[in-house]
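Working notes, beginning with the structure itself.
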Amino acid sequence: MIRVIKAVAAVYVLGAVVVAFVGLDTTVQEASADEKKKPQPEYIGSAKCKKCHIKQYKSFMKTPLATSFESLKPGVKVEEKKKAKLDPKKDYTKDPTCLKCHTAGYGEHSGYPAVVKGKAWTDAEKAQAKLNEGVTCEACHGPGSLYSPFKKKNKKYKRSEIRALGAISPPTEASCMPCHVKECPTMPADYKFDAAAEMKSEAVHARKKLKYDHDD
């Protein structure tokens, strides 16, 4: 009799554990589903940035960063390509090795679409590619579909708030270093990149003192 009671008790305990596990799994699944429902930050293009940052935009558009996609085209930067033993007549705008550092968000959702041999782009992807040609504002500051409108409505925003919406604020060395390494054949042999200095440089874009303190 005692054995029967113990066996029944064990079944009840096991059942309770199973129910608890299933309940936990359901909760995890629901949380995961909620995360998927949240809007994801998307690339919107540098032209959207100039509405509020016209001084920075105008200066940035004159830099090698902004025009980096153009350098991949045939007949552009001929001498630099010859020196690096590249074919100046070749079109490098379809070379994934180059595109990852000459576009914004290469291969990412809403970024520059990945080039896949034998796969043609849709009209939407073509438009998406046009938005993300070159090293755009969002290549350093993050895709702006969520934080851009938030900043317009909340002038005294904090950096932590816009970081939660996809912003890289302030830009970090980690954003720069994947491309600013001695990988591109046109980079000089003694190339060195000082991320801290570049992020303060007027050579990247004009600097403007912010009206409010956005640090947390």
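Restrict the search to segment 150-187; then list the GluC sites (Glu not before Pro) that DSSP places in a loop and that have at most 12 other Cβ atoms within 10 Å of their Cβ.
For GluC sites (Glu not before Pro) across segment 150-187 that sit outside H, G, I, E and B with at most 12 neighbouring Cβ atoms in 10 Å, the list reads Glu183.
Select from segment 128-214 those trypsin sites (Lys or Arg not before Pro) which occupy a DSSP coil region and have at most 16 other Cβ atoms within 10 Å, ordered by residue number.
Lys155, Lys156, Lys158, Lys182, Lys192, Lys200, Arg207, Lys208, Lys209, Lys211
Each reported figure results from applying straightforward, stated rules to the coordinates on display, with no laboratory input. Since the structure is predicted, the reported quantities are computational estimates derived from the model, not experimental observations. With ideal geometry, Cβ positions are generated from the backbone for all residues, glycine too; neighbour counts draw on all protein chains shown.
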